[in-house]
Every structure is written in structure tokens, then in C-alpha cells.
1. Amide H of THR20: which non-local residues (sequence gap of 5 or more, or other chain) have their own amide H closer than 5 Å, using H built in the peptide plane?
2. Residue by residue through segment 162-176, what is 3J(HN,Hα) from phi via Karplus (6.51 cos²θ - 1.76 cosθ + 1.60, θ = phi - 60°)? Round to whole Hz and write x for glycine and proline.
3. Tell me the relative contact order for segment 5-131 as a rounded percent, counting alpha carbon contacts under 8 Å between residues six or more apart.
4. Return one number: the angle in degrees, 0 to 90 and rounded to the nearest 10, between the long axis of the Cα atoms of helix 113-124 and the longest principal axis of the Cα atoms of the chain.
5. Under 5 Å between amide H atoms, partner at least 5 residues away or on a different chain: which partners does ARG83 have, H built in plane at 1.01 Å?
6. Inverting the mean 1/r over all pairs of different Cα atoms, compute the Kirkwood radius of the chain and quote it in Å.
7. Take every DSSP beta bridge with both residues inside the chain and express the antiparallel ones as a percent of the total, to the nearest 5.
8. To the nearest 500 deg cm²/dmol, what mean residue ellipticity at 222 nm is calculated for the chain from DSSP H runs of n ≥ 4 alone, each contributing -39,500 (n - 2.57), summed and divided by the residues?
Amino acid sequence: MMDGRKRYRFTVCWGEERDTDDTEGRVVHTSTERPAVEAIRALLPQFTGRIEQTPPRYSAIKIQGERAYDLARDGEVVELQPRPVEIHELTLVDQPDADHSVFEAECGKGTYVRALARDMGRILGCYGHISALRRTLVGPFTENDMIPLEQLEALCNRAASGEGSLADALLPVETALDDIPALAVTRADAARLHRGQAVLLRGRDAPQSSGTVYVTVAGRLLALAEIGNGELIPKRVFNLTGLTASSGRNERD
């Protein structure tokens, strides 16, 4: 899921670049220039598609085993190398005033929205940093699936008093796997996977299959597995009671 697409709604504040590329950092560049809406829209295609992006100095990127943000906090000059990222969509959705622009971006893994604000500000000649950021989609989950903090706190309080359960807020595990193919197996094969053993795939086209699947038995999630060389190899196995059998009659189900 975390490798899938993500969508963000974010506000760029023009006129200042900060060392963290957001409001928490120290101001390092300023400008009295403000970009015209037409100039912003004309710039967006340069940041759409597969581009090279340099991560922010304050990021989780590792440099010789150390996080970049730790090195930056210690005052070390960190030189991060550009890396390819995929930005599927980038849209200007609002311009509340001359100092602020609101965007929506849909992007792939590893994209830093803070770096988008920084780089757009530099090209527009006015500098910029993120002043608001909200993730509105990750994988199959949208804002409609989000639980407000107040509701979550109330649920925790009810659970602590024995009046409810945090499980009431949980979605089925399969919800997070809708972009992964499903593969049903017999109880006998499920037992083997449950023990960490590979299962030989049957069928004429089985050796040509490959990739990640989620495995089900009797309609319930059993494991995440990889298909390779005609075998189903378990990678993450979930503990299901009563749905697997290691010997006896159920082995032939």
C-alpha cells in the first residue's frame, strides 16, 4: 500500500525559503516578488511525470547510516543527490491571496511535497515553503475512511472503560490489499503455508505466474506470498484458528 499512489492538498507560502521547507524551519532566502497565476500554471508541466527531485535536508534519507535530519540538526552540511520520482498530477486549485497558492498532487513513493514547494519557488524567482499539508489519499484509502482525532479519542475512552473496543474502528485487512491479486488455496495447502512451506502451483500456466498475491482459505486472509518458479512462497502468514489442517481427512479437502 505504501508503494502505491498518494494524494496531497498543500499550500505554498511565497516569499520565503526555509531550511526545512516548511513553517518550522529557519528562513534562508526572501523575496518581495510574487508569482502570477499564469506563471504558476505554466510551470506545472515541468513537475508532472517522472522527474528528478532532491529531497529536503531535513528528511529521513540515510547518508552513511545516518538520517539526513539528524545530520542537519547537528549543523552538518548535507549534500543529497537527486532521485527519480513520479508525479501523476499536479494542479493549482486555489489562490486565496498573492502570498499563498493551494495545490493538489498525486504522486508515487518517495516524493517530497516540501521539495515541490521549494523548487517551484526557486524557478518562479520568489522562493516558497509549505505552510499547510494534508494527505487525502493513500492506496485505496481516502478522506472518507479517516477517523477524526476527537472521535478516536472518544473511542479510546470508551474502550478504556469497557464500553467499546478499538476493533470497532478497524477495516478488514483485505481493504488495504485491493491492488494485489488474490489467490484461493485448499486447506491442505493452507496448512503448508502456515508452517512456512512453499506450495507447488498447479495448472498449465502456473510456472509463468509471478509477483505478490494475498492468499485466502475458506474466504479468509491467510498470508501474503510471492509466486516464483511455479511455487507459492509465504512471506507474511496470519494466525487463523480452525482454517488450516496439518494431517488427516482435511488434508484431502
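1. GLY25, ARG26
2. x, 8, x, 9, 5, 4, 5, 9, 7, 9, x, 4, 4, 4, 7
3. Reported as a whole number, the value is 41 percent.
4. Compared with the principal axis, the helix lies near 30 degrees.
5. GLN53, THR54
6. This gives a value of 22.1 Å.
7. Of the beta bridges lying entirely in the chain, close to 95 percent run antiparallel.
8. Details: 5 runs with 45 residues, N = 253.
Rounded to the nearest 500, it is -5000 deg cm²/dmol.
Readers should treat all values here as calculations from the given coordinates under stated rules, not as data from a laboratory. Small disclaimer: the values here were computed from a predicted structure and weren't measured. Ideal geometry is used to build each Cβ from the backbone, glycine not excepted, and the neighbour counts take in all protein chains shown.
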